[in-house]
1. In whole Hz, what ³J(HN,Hα) sequence does the stretch B:111-122 give by Karplus (6.51, -1.76, 1.60; θ = phi - 60°), x for Gly and Pro?
2. Going by amide H atoms built from the backbone, whose H comes under 5 Å of the H on B:V74, apart from near neighbours?
3. For chain A, set up a GNM with springs between Cα atoms under 10 Å and report which of A:V150, A:V96, A:V138 has the largest fluctuation.
4. Can you list the residues of the stretch A:74-93 that have at least 50 square angstrom less accessible area with all protein chains present than in their chain by itself, probe 1.4 Å?
5. Any idea how far the Cα center of the stretch A:1-46 sits from the one of the stretch A:175-200, in Å?
6. How big a patch of accessible area, both sides summed and in Å² to the nearest 100, lies buried between A and B at a 1.4 Å probe?
7. Please give the residues from the stretch A:31-53 for which the solvent-accessible area of heavy atoms, probe 1.4 Å, is smaller by at least 30 Å² with all protein chains in place than with the chain isolated.
8. Going by amide H atoms built from the backbone, whose H comes under 5 Å of the H on A:N204, apart from near neighbours?
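The values are calculated or read from the model by the stated rules, or taken from the named source; none is laboratory data. This structure is a prediction, so every number in the text was calculated from the model and none was measured. A quick note on method: Cβ atoms are made from the backbone with ideal geometry, for glycine too, and the neighbour counts reach across all protein chains shown. Heavy atoms of the whole protein, side chains included, go into the accessibility calculation; ligands, DNA and RNA do not. Shrake-Rupley method; radii C 1.70, N 1.55, O 1.52, S 1.80 Å.
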Amino acid sequence: MITAENIEFKYADGPQFKFPTIQCSPENPLLILGESGTGKTTLLHLLAGLLKPTRGSVVIDGSNTSNMSGATLDKFRGKNIGIIFQTAHFVNALSVADNLILPPFLTGEKIDKQKAIATLERLRLGNKANKKPAQLSVGEAQRVAIARAVMNNPRLILADEPTSALDDKNASEVIALLEEQAKNTGAALIIVTHDKRLKDHFKNQVTL
Amino acid sequence: MNLIKISWSNIAAKPLNTALSVVLLSFGVGIISLLLLLEKQVTEKFDRNIKDIDFVLGAKGSPMQLILANVYHVDAPTGNIKVSDAQKVLKNPMVKEAIPLAYGDNYEKWRIVGTNFKYPEHYGYQMKEGRLFSAPFEATLGARVAQETGLKVGDTFTSMHGFDNQANEEDAHHHDHPFRVVGIMENNNSALDNLILTPVESVWLVHDHGDHEGENHEEHAHDDHAHNDHAHDEHAHDDHAHDDHAHDEEASQEMTAYLIKKRNPLAAMMLANVVRDTNMQLADPAIEMNRLSQNFGLGMDTIRAIAILIMILSFVSVFISLYNSLKERKYELALLRTMGGSRSTLFRLIMQEGLLLVIIGFALGALLSRIGLFVLSSFLKENFQYELNDVGISTGEIVLFGVTLLVGMMASLLPAVRAVKMDISKTLANA
C-alpha cells in the first residue's frame with residue numbers, strides 16, 4: 001500500500017508541481033495519465049524516493065520515505081520498490097542473468113542465480129541468460145527489466161511509460177506481464193503513461 | 001556476484017582503453033623496476049668485490065682499467081710490474097697488507113690468477129671440496145668455473161695464453177704444463193666464483209722464458225699482443241721444466257697487480273709519492289667505481305626520466321578512460337542507485353576500476369622487468385661472466401607499488417566523486 005498525500009515539488013529555477021493524492025493497493029493497479037510537461041516523471045521519481053517532495057510525504061507500507069536519506073533510502077528503494085523505465089537499461093558489461101541478480105546483490109539479499117535463470121525461462125528468454133543486454137530486442141529488454149524489478153519481491157512496482165516504445169503486441173505482453181508479476185509478488189503497481197492504449201485496461205486512473 | 005566482478009566486467013568490456021592504460025603503465029613500471037633491480041645487484045656485486053681494498057698497485061695506464069681488471073676481472077690488465085719495483089712500495093709502513101695477483105693464462109676463457117692464500121681469505125672463501133692450492137700447478141676453482149667447465153677435483157687441464165675476451169683461436173696458444181684441480185670453492189657471490197686460483201709460481205713457470213724475455217713481456221701486455229706472442233711461443237715449449245731457478249729469479253719476476261690494504265688514512269698521500277716517477281700507478285677502487293657509476297648514472301637518470309614520463313601518461317590514460325566511460329555509463333550508474341546501490345557503492349566501483357587497471361599494469365611491469373633482467377643477465381654472463389640472478393622484490397619496488405596505487409587512486413578520484421555527486425533523477429529523466 002502506497003499513499004502520497006498532497007505532495008508538491010519545485011525544481012530549483014524550474015516549474016512547480018502540485019499533485020493530487022495518490023493511493024494504490026496491491027489489489028487495484030493505478031494508471032496515472034498525463035500529457036508531457038504535466039510532471040508525470042517528476043511524480044514517479046517522488047514516489048520512488050529519487051526526489052524529495054517540498055511538501056507532503058510518501059508512505060509505503062507504513063514507512064515514510066520522505067524522512068529517509070542517503071544509503072538508508074537507497075537500500076529501502078532497492079528492497080521495496082521495483083522501477084521500470086521507458087527504455088530498459090542494463091549494466092551492459094554484465095550478462096543478462098547477472099543483471100537480474102543485481103537487485104539482491106546491491107541490497108545485500110541472498111543471491112539466487114537459479115531463480116534468475118528460471119525467471120528468464122518463464123519469459124521464454126532462457127537462451128539469453130549468458131548474452132549481453134545489447135543483444136536483446138526492445139520488447140525482450142523490457143520483459144527482462146520487469147523481471148529484474150520484481151527480483152526482490154518489492155512492495156511497490158513503478159513503471160514509467162513502459163509501453164510507449166513498443167508496438168501493440170509487445171505492449172500488451174508487457175502490461176500482462178506487469179500485472180501478473182505484481183499479483184504474484186503482492187506488490188502495488190503504478191503505471192505512469194501518456195499511452196492511450198492502456199486507458200481501457202485499468203479501472204483505477206488518475207489524470208494529471 | 002560482487003563489486004570486483006562488476007568493475008572487472010566494465011574494464012574487460014573496453015579492451016582498447018584498458019590495453020592502452022595497462023601497456024603504458026607496465027612499460028613505465030617495467031623500466032623503473034629493471035633499473036632498481038640492476039642498481040641493487042650491481043651495487044651489491046661491486047661493493048662485495050671492493051670490500052676493504054684501499055688501493056690497487058699495477059702498471060701505468062687507465063686507473064679504471066686497472067680496477068676493472070684486477071678487482072672485477074672484466075677488463076684486460078694494464079700490463080705487468082716488476083716484483084722488485086713493487087717491493088719498494090709494499091715495504092712502506094703505510095701498507096698493512098698486499099695481495100699479489102699474476103695473470104697470464106686462461107682455461108676455456110676462465111681466468112687463471114696466480115696469488116696466495118690471502119686472496120681467497122680476503123673474500124671469505126669456503127671450500128666445497130678438496131683444498132686450496134699449495135704447490136705450483138695446483139689449481140683451486142671458483143664455484144662457477146667448476147660448474148661451467150665440469151672440472152672436478154683430481155682433473156687436469158692445460159691453460160691457454162691470454163685473457164678471456166682476447167682469447168680467440170689464432171691469437172692464443174696452449175701451454176704444455178697441465179694444472180691439476182685440488183679444490184673447488186663454494187659460491188660466495190664475489191670475484192672468486194669466476195676465477196681459477198693457483199700459486200703465483202705457476203704463472204711464472206708457465207711464462208718464464210729467461211731473462212732476455214723480460215722486456216718483451218712488459219710490452220706484450222700493453223698492446224702488441226699478437227706480435228709478441230710469437231717470440232713467446234718459441235721459448236715456451238722448451239723452457240719451462242726448470243722449476244729450480246724460478247725462485248732465485250723472484251726479484252726480476254713480474255706481477256700484474258697488488259691489492260693493498262692501508263694502515264691509516266694518510267697512506268694515500270704517502271704511497272702516491274712513492275709511486276710517482278715509476279712505471280706503476282696506484283688506483284683507488286672506490287674513486288674509480290664512483291667515476292664509472294657517475295657516467296653510467298647519467299644514462300640511468302635519462303632512462304628513469306623517460307620511464308616516469310611513460311608512467312605519468314599511463315595515469316592520464318587511466319583518468320581519461322574512467323572519465324569517458326563515466327559519461328557513457330551515467331545511466332547505468334543511476335540505475336544501480338535505483339536498485340539499492342548507495343553513493344559509496346558507486347564510489348568503490350569507480351575507484352576499483354582505476355585500481356584494477358594500475359595493479360594489472362604494475363604486475364605486468366614487474367614481470368617485464370624480470371624478463372629484461374634475464375636477457376641482460378645472459379648477455380652479461382656470456383660477455384663478462386657476471387650473473388644477475390636476484391629477482392626478489394626490492395624495497396624500491398615496494399615503494400614504486402605504493403606510489404602506483406596512490407597515483408592510481410588520485411587518477412580515479414575525480415571520476416569517482418563525479419559518480420557520487422550525480423543527480424540520479426535528472427540523469428534518469430534525460431535518458
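1. Values, residue by residue: 6, 9, 10, x, 7, 10, 4, 4, 5, x, 5, 4 Hz.
2. B:A69
3. Among A:V150, A:V96, A:V138, the largest GNM mean-square fluctuation belongs to A:V138.
4. When all protein chains are present, A:D74, A:F85, A:H89, A:V91, A:A93 each give up 50 Å² or more of accessible surface.
5. If we compute the Cα centre of each part, the gap is 16 Å.
6. So the total buried area for this chain pair works out to about 2200 Å².
7. Buried on complex formation: A:H45, A:L50.
8. A:L31
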